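What follows is a set of notes on a single structure, which appears directly below.
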Amino acid sequence: RKRIQVIGFACTGALSAALFILLKYEAHETSRTAVFLLYCLTFFFYNFGPNATTFCLPAETFDKDVRSFFNGISAALGKAGALVGAAFFKLILDTYSLATVMLCSAGVSLLAVILTLVFVRDMRAEFNRSERSIGAEATRFDPPHTELELRGFASRLSEHRPASDRGEPPSADSESNSEPQAMVFV
């Protein structure tokens, strides 16, 4: 998932940089189709990489003890980033141009690639490494009990059931004993 996020941010950054160049230096009508296609690809890579992995990575990255807390922090910071981006989009668009917005998007994507490479652990690689160190014995399925052991366990349980549950007539001892007996269902 780390690789998918890095690829998604890198492609988004490269496509945003290409859009910047196209919008800045190719302002004639023939480039409209190219701008549209590049923007569609950018949207695809936003959804392919960062949008898909931001839900999975926090759950895999953080330890069990703090996972829910830091998953919430990650989600909150993501929402705050979206708010800041939406707030500055109109300001940058009105002050500069759409090409500058694409340049800012490329810069943020490059920063996201760097942050992902530095701070996100690849849990799949760690899992594969630990699986190899355990060896092939751990991957073989061994049932915990054989069928004969389970039958013996069931017969021992039936010995402790009350006589009336086993289909036997009650003994004289059972009527004098006023203690309730535990019911075991098998």
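Being polar (S, T, N, Q), surrounded by 13 or more Cβ atoms within 10 Å (Cβ to Cβ) and either on the phi > 0 side of the Ramachandran plot or within 28 Å of the chain's Cα centre (by Cα) (or both) is the requirement here; does residue 100 meet it? First the steps, then the outcome.
Numbers: polar (S, T, N, Q): yes; surrounded by 13 or more Cβ atoms within 10 Å (Cβ to Cβ): yes; either on the phi > 0 side of the Ramachandran plot or within 28 Å of the chain's Cα centre (by Cα) (or both): no.
Here the answer is no, as residue 100 does not meet what is asked.
Any residue in the range 48-64 that is modelled with pLDDT of 90 or more, surrounded by 14 or more Cβ atoms within 10 Å (Cβ to Cβ) and not acidic (Asp, Glu)?
At the first step, the residues of the range 48-64 found to be modelled with pLDDT of 90 or more are none.
Within the range 48-64 (the criterion being modelled with pLDDT of 90 or more, surrounded by 14 or more Cβ atoms within 10 Å (Cβ to Cβ) and not acidic (Asp, Glu)), the answer is no, since none of the residues qualifies.
Within the set of pairs 6 or more residues apart or between chains, which connect a residue that is free of Cβ contacts under 8 Å to residues at least 24 places away in the same chain inside the range 76-105 to a residue that is surrounded by 10 or more Cβ atoms within 10 Å (Cβ to Cβ) and of a type in the set (Ser, Thr, Tyr) with Cβ atoms less than 6 Å apart?
Qualifying pairs under 6 Å: 92/100.
I'd like to know if the range 17-32 contains one or more residues that are more than 13 Å from residue 105 (Cβ to Cβ), surrounded by 14 or more Cβ atoms within 10 Å (Cβ to Cβ) and of a type in the set (Gly, Ala, Ser).
Looking for residues that are more than 13 Å from residue 105 (Cβ to Cβ), surrounded by 14 or more Cβ atoms within 10 Å (Cβ to Cβ) and of a type in the set (Gly, Ala, Ser), one finds at least one in the range 17-32, hence yes.
Kindly provide the set of residues from the range 113-122 that are under 15 Å from residue 58 (Cβ atoms), open to solvent by less than 50 Å² (accessible area, probe 1.4 Å) and either part of a helix (DSSP H, G or I) or at pLDDT 90 or above (or both), ordered by number.
Within the range 113-122, 116 is the sole residue that qualifies.
From the list 3, 32, which residue is in contact (Cβ under 8 Å) with a residue 12 or more places away in the chain and at negative phi?
On the way: 32 fails: in contact (Cβ under 8 Å) with a residue 12 or more places away in the chain.
Every option except 3 fails the conditions.
Which one of the conditions (1) farther than 18 Å from residue 108 by Cβ; (2) within 27 Å of the chain's Cα centre (by Cα); (3) modelled with pLDDT under 90 does residue 40 fail to meet, given that it meets all the rest?
Of the numbered conditions (1) farther than 18 Å from residue 108 by Cβ; (2) within 27 Å of the chain's Cα centre (by Cα); (3) modelled with pLDDT under 90, the odd one out for residue 40 is (3).
The values are calculated or read from the model by the stated rules, or taken from the named source; none is laboratory data. Computed from a predicted structure; not experimentally measured. Positions of Cβ are generated from backbone atoms using ideal geometry, with glycine treated the same way; all protein chains shown enter the neighbour counts. Note: areas computed on protein heavy atoms with side chains; ligands, DNA, RNA excluded. Shrake-Rupley method; radii C 1.70, N 1.55, O 1.52, S 1.80 Å.
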